Amino acid sequence: MNICNNHSGIEFKYLIVNDMDKRFGLWVNTVGFQSIPPHSSYPLKDHPSGYFFNTQKGRTLREYQLVYITKGRGLFSSETTHEKQVCRGRLMLLFPDQWHTYHPYKQTGWDEYYIGFEGPVTDNIMKAAFFTAENQVLEVGLNEELVSLFSRALEIAESDKISSQQYLGGIVLHMLGMILSISKNKIFEMSDTDQKIEQAKIIMNENLLGDVDPEELAMKLNISYSWFRKVFKEYTGYAPAKYFQELKLRKAKQLLINTSHSVKEIAFMLNYKSTEHFFSTFKKHTGFTPSEYRTFGKSAL
């Protein structure tokens with residue numbers, strides 16, 4: 001498995017697939033995230049030759065891919081799609097053996113999540129025309145749950161545990177069902193308020209290893225903090241700071257169960273003031289110390 005994981009907004013995995021994985025009927029070849037700043041070269045050159053491409057010449061893949069844009073804008077075109085603008089909240093569905101190309105605008109850059117997959121299960125879904133090559137750019141809006149699925153797929157790919165391919169296959173099916181439902185029912189026609197809150201939730205998810213100041217976040221979204229705090233709580237049931245804390249605790253639980261990092265390391269990774277602060281916060285909200293939760297969680301696996 002080829003892994004790139006650094007602090008420049010780039011993370012991707014290329015997975016090895018064996019015969020047993022293929023018997024499941026759906027397997028994942030690659031999953032990743034890239035944050036392309038304005039005026040940066042694209043695509044990045046760290047990808048294997050089968051994935052890297054010249055945007056002017058385009059490329060052909062042997063797999064399906066979902067490419068979800070959560071920031072910025074650019075262009076997409078393929079054998080069946082004339083040049084079309086892609087902006088945040090839009091998702092590109094790539095088909096195997098189909099020429100295509102896409103890229104962000106130089107002046108905006110973009111953030112993209114992607115996952116590449118194949119197998120007879122997917123072929124049957126496409127043959128049934130749930131998705132078509134004539135409608136490759138889908139409106140799904142900014143959706144925190146979809147971002148979380150991409151993030152979870154990255155974590156599973158990196159852990160590389162037994163049956164991780166089957167876990168990833170389930171995530172892909174979840175994604176496809178969600179995307180189909182959203183696009184067919186036009187849930188993407190959200191109000192500007194909904195989009196602002198979803199954008200805030202995505203920014204929080206993408207900064208779990210750092211910190212998010214709710215007032216600065218409101219300013220970034222070009223809205224007043226008092227309005228943002230009121231609407232965010234109505235929308236999620238939590239004040240922004242409380243919601244971010246809940247996300248951090250959820251991430252802490254995943255790290256305790258799925259990694260060998262010490263409690264001190266996890267506290268540092270998640271930017272808690274101290275190990276003691278992490279310890280007391282975790283116990284207050286879960287009823288367990290971090291060590292107790294790790295022991296309990298691993299024994300349940």
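The values are calculated or read from the model by the stated rules, or taken from the named source; none is laboratory data. Bear in mind the structure is a predicted one, so any value in this text is a computation, not a measurement. Positions of Cβ are backbone-derived with ideal geometry, glycine not excepted, and every protein chain shown enters the neighbour counts.
Would you point out the residue of the range 74-88, among those that are of a type in the set (S, T, N, Q) and surrounded by 14 or more Cβ atoms within 10 Å (Cβ to Cβ), that is farthest from TYR105 (Cα to Cα)?
Start the filter on the range 74-88 by keeping residues that are of a type in the set (S, T, N, Q), which leaves 77-78, 80-81, 85.
Checking which are surrounded by 14 or more Cβ atoms within 10 Å (Cβ to Cβ) leaves us with 77-78, 80-81.
On the way: SER77: 14, SER78: 17, THR80: 22, THR81: 18 Å.
Restricting to residues being of a type in the set (S, T, N, Q) and surrounded by 14 or more Cβ atoms within 10 Å (Cβ to Cβ), the top hit is THR80.
Taking the condition of being under 16 Å from GLU158 (Cα atoms), touching a residue at least 60 places away in the same chain (Cβ under 8 Å) and either buried (at least 20 other Cβ atoms within 10 Å of the Cβ) or under 21 Å from the mean Cα position of the chain (by Cα) (or both), how many residues in the range 13-33 meet it? Let's see the steps before the verdict.
Filtering the range 13-33 for residues under 16 Å from GLU158 (Cα atoms) gives 13-17, 27-33.
The next check asks that each one be touching a residue at least 60 places away in the same chain (Cβ under 8 Å); those that pass are 13, 15, 17, 27-33.
Filter again for either buried (at least 20 other Cβ atoms within 10 Å of the Cβ) or under 21 Å from the mean Cα position of the chain (by Cα) (or both), leaving 13, 15, 27-33.
Of the residues in the range 13-33, 9 are under 16 Å from GLU158 (Cα atoms), touching a residue at least 60 places away in the same chain (Cβ under 8 Å) and either buried (at least 20 other Cβ atoms within 10 Å of the Cβ) or under 21 Å from the mean Cα position of the chain (by Cα) (or both).
Restricting attention to the range 63-94, and to residues there that are of a type in the set (Lys, Arg) and within 22 Å of the chain's Cα centre (by Cα), which single residue is farthest from GLN199 (Cα to Cα)?
Filtering the range 63-94 for residues that are of a type in the set (Lys, Arg) and within 22 Å of the chain's Cα centre (by Cα), the one farthest from GLN199 (Cα to Cα) comes out as ARG73.
Tell me the residue from LEU247, LEU209 that is out of contact with any Ser or Thr (no Cβ under 8 Å at 6 or more places or on another chain), buried (at least 18 other Cβ atoms within 10 Å of the Cβ) and either closer than 30 Å to THR70 by Cα or not basic (Lys, Arg) (or both), please. Spell out how you get there, then give the answer.
Numbers: LEU209 fails: buried (at least 18 other Cβ atoms within 10 Å of the Cβ).
Among LEU247, LEU209, only LEU247 is out of contact with any Ser or Thr (no Cβ under 8 Å at 6 or more places or on another chain), buried (at least 18 other Cβ atoms within 10 Å of the Cβ) and either closer than 30 Å to THR70 by Cα or not basic (Lys, Arg) (or both).
In this structure, is PRO290 more than 25 Å from the chain's Cα centre (by Cα) and buried (at least 16 other Cβ atoms within 10 Å of the Cβ)? Explain how you work it out, then say what you get.
Details: more than 25 Å from the chain's Cα centre (by Cα): yes; buried (at least 16 other Cβ atoms within 10 Å of the Cβ): yes.
So PRO290 passes the test.
Find the residue count for the range 104-153, including only residues that are farther than 11 Å from ILE69 by Cα and part of a loop (DSSP other than H, G, I, E, B).
Residues flagged as farther than 11 Å from ILE69 by Cα and part of a loop (DSSP other than H, G, I, E, B) within the range 104-153 amount to 14.
What pairs come up if the first residue lies in the range 134-156 and is at positive phi, the second is surrounded by fewer than 20 Cβ atoms within 10 Å (Cβ to Cβ), and their beta carbons are under 7 Å apart, counting only those six or more places apart or on different chains?
Listed pairs, sorted by first residue: GLY141/PHE188; GLY141/MET190; GLY141/GLN195.
Pick from THR101, THR80, THR70: which is assigned to a loop (DSSP other than H, G, I, E, B) and either farther than 13 Å from GLY141 by Cα or assigned by TED's automatic domain parsing to the domain that holds GLN34 (or both)? First the steps, then the outcome.
Values: THR101 fails: assigned to a loop (DSSP other than H, G, I, E, B); THR70 fails: assigned to a loop (DSSP other than H, G, I, E, B).
None of the other options fit; the residue is THR80.
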